[in-house]
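Scroll down for the structure; my scribbles are underneath it.
The values are calculated or read from the model by the stated rules, or taken from the named source; none is laboratory data. Note that this is a predicted model, so its numbers are computed, not measured. Every residue, glycine among them, receives a Cβ derived from its backbone with ideal geometry; neighbour counts consider all protein chains shown.
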Amino acid sequence: MRSSRRDFLARSVQMGVLLGAGVPLLQACGGDTQRTKVSKPIADGLQPEKGPLRIINYDDYVSPDVIADFEREYGVSVEITIITTDSEATTKLASGAIQADVHHSIANYTVGALVERGWLQPLNKSYLTNRGNVLANFDDPWYDAGSTYTVPYTFFGTGLGYRRDRIDPADVEADGWDALWNATGFKGQVSVLDDEREALVMAMLRRGLTDVNTTDQAVIDQALADLVELIDSVNVKVNIQGYQDLPEGTSTIAQVWSADPVTGAINYLPEGVPAEVLGFWHPPAGEYVVANDNIGIVSNAANPVLAHLYIDYLLDNAVSEKNFSYLGYLPALTKLDADYLIGQGYVPEHLRNCVPTSEEIAQALVFKPLSNEGRALYETAWSKFKTGG
């Protein structure tokens, strides 16, 4: 996974909730806050436009080779406008600052707001001949009934990455989230994600609380107090560099996203250090936070047929595998499961659990939009933690 995408993930929850909560942030930017809602998909059997196909996406969040292949196959050019947050993308679309056909990476908790404001158009699935390759978990997701406006792009869970040559995997398995609090022998080598929802919710999960969208002040206060303990006990770091710090050895245990140990093993292990030194733990199904990004077509797209063909192209198994080999983030396709990825050498066998299973996705805990008041509770607690409690 590219560093720019990691930076986005560290900001995504708090930025994305602005839309989900209905905050009129676009009014402050002088943009329209709503379009006429598109109720019908485009007609069947239309010929693709001549392009260029215009995409908004995060930097390095699709393989340049995949884009070049699509351009050659359809004889068109592709233009990508880089954005850094969901809110930036939406603000620029609504204000007319950019024109786009494809919104490449929509967080699931902002899909509903985009649909409600009329910024996405329903998909015509007759153009999506590869839609059957998608995991059945995403046929009727909570954020898009019937997968009417979006298809999933990538997905990932949250757990603990650690050095197996320093901490016994059996101990991590037995301790779970407590392994962070128990790592007192590794002061300065322990980290939590630089994300208020991820870190505070992790502390809640440690206590067996699974309402990851709670706005109960007492629960948030307790989570804050538990995180503050880590400051003195392990001199905890707050960052999103576990994918690099663990293989390089500057961290021993870290809260990470599930792709981090795999990309760390591939890209950051020093020469001669085997991938077996890296481990990953995550909670069992039903206690595991799993998130995903989605692709949709902008309601006023100038090239809607071409946009459909692009989405269908990414859903092709071979294309998706090529994209994954560059990106390092899992596509939501049935074929590219743990067995296949291990067999192809993308994922070491001992990191099999970095690939969320269908059962884990089906029972996953998900971050949903918070109200303004709820968001403020998390922000206040997070500010206190980052300033030492």
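The listed residues are Leu114, Leu128, Leu160, and the only one of them that is touching a His at 6+ places or on another chain (Cβ under 9 Å) and within 21 Å of Lys37 (Cβ to Cβ) turns out to be Leu114.
So for region 199-213 (the condition being of a type in the set (D, E, K, R) and surrounded by fewer than 18 Cβ atoms within 10 Å (Cβ to Cβ)), does at least one residue qualify?
Yes: one or more hits.
Of all the listed residues (Ala223, Ala203), the sole one being in contact with a Leu (Cβ under 6 Å, 6 or more places away or on another chain) and either free of Cβ contacts under 8 Å to residues at least 40 places away in the same chain or outside the structural domain of Pro270 (by TED's automatic domain parsing) (or both) is Ala203. Figure legend. Inter-residue proximity from region 243-272: first residues at negative phi, second residues basic (Lys, Arg) and in a helix (DSSP H, G or I), beta-carbon distance below 9 Å, spacing 6+ or different chains. Indicated pairs: Tyr243/Arg6; Trp257/Arg6; Asp260/Arg6.
Note on region 207-219: residues that are in a helix (DSSP H, G or I) and under 22 Å from the mean Cα position of the chain (by Cα) amount to 0.
A single entry from Leu93, Leu53 fulfils the requirement of being at pLDDT 95 or above, surrounded by 15 or more Cβ atoms within 10 Å (Cβ to Cβ) and in the same structural domain as Leu314 (by TED's automatic domain parsing): Leu53.
Take the residues of region 220-258 that are polar (S, T, N, Q) and in a loop (DSSP other than H, G, I, E, B): which is farthest from Leu209 (Cα to Cα)?
This residue is Thr250.
For region 335-385, what are the residues that are basic (Lys, Arg), modelled with pLDDT under 95 and part of a helix (DSSP H, G or I)? Residue satisfying the conditions is Arg375 alone. Within region 288-300, is there a residue that is in a loop (DSSP other than H, G, I, E, B) and more than 30 Å from Pro52 (Cβ to Cβ)? Yes: region 288-300 contains one or more residues that are in a loop (DSSP other than H, G, I, E, B) and more than 30 Å from Pro52 (Cβ to Cβ). Glu49 fulfils the conditions (1) of a type outside the set (Ser, Thr, Tyr); (2) assigned to a loop (DSSP other than H, G, I, E, B); (3) in contact with a helix residue (DSSP H, G or I) (Cβ under 6 Å, 6 or more places away or on another chain); (4) more than 21 Å from Tyr313 (Cβ to Cβ) except for a single criterion, (4).
Go through the residues of region 333-342 one by one and say whether even a single one is surrounded by 18 or more Cβ atoms within 10 Å (Cβ to Cβ) and touching a residue at least 24 places away in the same chain (Cβ under 8 Å). Yes, the conditions are met somewhere in region 333-342. Within region 65-86, the set of residues being without any contact (Cβ under 8 Å) to a residue 24 or more places away in the chain and either part of a helix (DSSP H, G or I) or under 24 Å from Ser325 (Cα atoms) (or both) comprises Ile67, Ala68, Glu71, Arg72. For region 185-230, filtering for residues that are closer than 26 Å to Thr250 by Cα and charged (D, E, K, R) leaves 9. Each residue in region 100-145 was checked for being in contact with a Leu (Cβ under 6 Å, 6 or more places away or on another chain) and acidic (Asp, Glu), and 1 of them qualify.
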